[in-house]
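Read through the structure below, which is laid out as structure tokens, and then see the notes.
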Amino acid sequence: SRAQVYEKGKSTNITFKDVAGLEGAKEEIQEIVEFLRSPQRYTDLGAKIPKGALLVGPPGTGKTLLAKAVAGEAKVPFFSLSGSDFVEMFVGVGASRVRDLFRQAKEKAPAIIFIDEIDAIGRARGKNNGFNSNDERENTLNQLLTEMDGFGTNSGVIILAATNRADVLDAALMRAGRFDRQIYVDMPDLNERKEIFQVHLKPIKLEKNMDVDFLSKQTPGFSGADIANLCNEAALIAARQNKKFVEKQDFLDAVDRIIGGLEKKNKIIT
Ligand code: ATP
């Protein structure tokens with residue numbers, strides 16, 4: 001997947017500045033940053049700190065980025081795993097990985113645990129679409145639930161998980177004291193696309209007076225990840241032609257290329 005690899009248990013150098021748009025999501029998740037920075041402020045008043053929040057939204061909209069930004073803002077270690085890593089795993093391995101991860105995070109608390117593609121392990125139990133049942137996935141899910149229940153609310157470990165499919169998740173995951181908060185991370189609108197462009201155009205050498213409004217208007221349906229990809233693709237196209245600057249036309253060529261790619265991808269799915 002796209003996730004960058006961080007040294008396990010180190011913080012990230014990503015902050016909210018790197019996350020364009022998503023104002024509502026950032027505002028909601030800011031509270032988690034506050035919990036991690038000064039848990040005592042909450043616990044002194046007898047408040048229970050939430051254990052986890054679920055980031056819900058389409059692919060490439062910045063869920064992983066936002067989770068990393070929480071760790072970066074709070075300057076706490078970031079531990080992550082992806083649900084898809086657990087598919088096809090040998091018996092016992094998934095559950096023991098989950099156990100290890102929680103143990104390490106607790107040792108380094110306050111800390112963030114991020115579980116990407118949680119639907120791969122968190123699908124409702126007993127629903128295997130008619131295929132052979134995947135006991136190891138269920139073991140992993142059960143271990144995750146056990147871990148979440150096993151540590152005190154004020155252990156200083158907060159678990160963020162991301163999914164495109166909150167509807168398929170096991171209801172047990174969403175119960176109080178587990179992922180009882182959902183934060184929506186939506187596709188960017190015109191203005192948000194402009195902000196995302198501004199982030200990803202920063203390292204790129206542009207022709208003078210590049211019209212960012214125009215770029216935003218040319219990219220309806222693009223996610224943040226698509227825009228990041230587009231900016232790089234445009235720079236590659238310009239470099240191939242030995243240009244000194246990336247021009248509007250390079251972006252248009254890159255848009256065509258990416259839309260072509262998206263259409264192909266959709267054809268395979270349908
Ligand atoms: P998936 O569901 O496919 O895992 P995701 O929602 O976790 O996707 P990210 O992995 O966070 O998406 O996004 C991929 C990349 O796209 C980011 O590393 C970043 O470069 C870019 N990106 C996505 N959303 C934004 C955003 N809101 N602001 C800036 N960059 C973004």
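The values are calculated or read from the model by the stated rules, or taken from the named source; none is laboratory data. None of these values were measured; they are calculated from a predicted model. Every residue, glycine as well, gets a Cβ built from its backbone with ideal geometry; the counts of neighbours run over all protein chains shown. Note: accessible area is taken over every heavy atom of the protein model, side chains too, but ligands, DNA and RNA are not part of it. Shrake-Rupley method; radii C 1.70, N 1.55, O 1.52, S 1.80 Å.
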>> I'd like the orientation of helix 23-37 relative to the chain: the angle between its Cα long axis and the longest Cα principal axis, in ° from 0 to 90, rounded to 10.
In response: 40 degrees
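Using only Cα atoms, what is the ratio of the radius of gyration of the stretch 188-270 to 2.2 N^0.38 Å?
The value comes to 1.07.
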> In nm, to one decimal, how far is the modelled label at ASP180 from the one at ARG125, with both set 7 Å along Cα→Cβ?
Replying inline: 2.0 nm
>> Give me the three principal axis extents of the stretch 178-221 from the C-alpha atoms, as integers in angstrom, largest value leading.
In response: 50, 21, 12
>> Can you give me the angle between helix 135-150 and the longest principal axis of the chain, using Cα atoms only, in degrees from 0 to 90, rounded to the nearest 10?
In response: 70 degrees
>> I'd like the accessible area for LYS205, computed on protein heavy atoms only with a 1.4 Å probe and all protein chains in place. Round to 10 Å², please.
In response: 140 Å²
> Once the Cα atoms of helix 190-201 and of the chain are each reduced to a long axis, what angle between those two axes, in degrees from 0 to 90 to the nearest 10, is obtained?
Replying inline: 80 degrees
>> Output wanted: per-residue J couplings in Hz (rounded whole) for the stretch 168-179, from phi through Karplus 6.51 cos²θ - 1.76 cosθ + 1.60, θ = phi - 60°, x for Gly and Pro.
In response: 8, 6, 5, 4, 4, 5, 8, 5, 3, x, 10, 7
> Under the definition of Cα pairs under 8 Å and six or more residues apart, what whole-number percent is the relative contact order of the chain?
Replying inline: 23 percent
>> Tell me the Rg and the Dmax, in Å, that the Cα atoms of the chain produce.
In response: 20.4, 63
>> A 18 angstrom limit on the alpha carbon distance is what I want to check against. Which of LYS26/LYS63; LYS17/LYS108; LYS208/LYS244; LYS51/LYS106; LYS205/LYS244 exceed it?
In response: LYS17/LYS108
> Hey, what's the stretch 169-248 come to in accessible area per residue, 1.4 Å probe, Å²?
Replying inline: 56 Å²
>> Which one, MET187, ASN232, LEU22, is farthest towards the positive end of the dipole of the chain when Lys and Arg carry +1 and Asp and Glu -1 on their Cβ?
In response: ASN232
>> Less than 11 Å Cβ to Cβ from ASP213, Lys/Arg counted +1 and Asp/Glu -1: what total charge do the surrounding residues give?
In response: +2
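Please state the charge dipole magnitude for the stretch 103-239, taken about the Cα centre, from unit charges on C-beta atoms (+1 on K and R, -1 on D and E), reported in debye and rounded to the nearest 20.
Working: 17 positive and 21 negative charges, 52 e Å.
Roughly 240 debye, rounded to the nearest 20.
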> By average Cβ neighbour count within 10 Å, what is the ranking of 183-193, 163-173 from highest down?
Replying inline: 183-193, 163-173
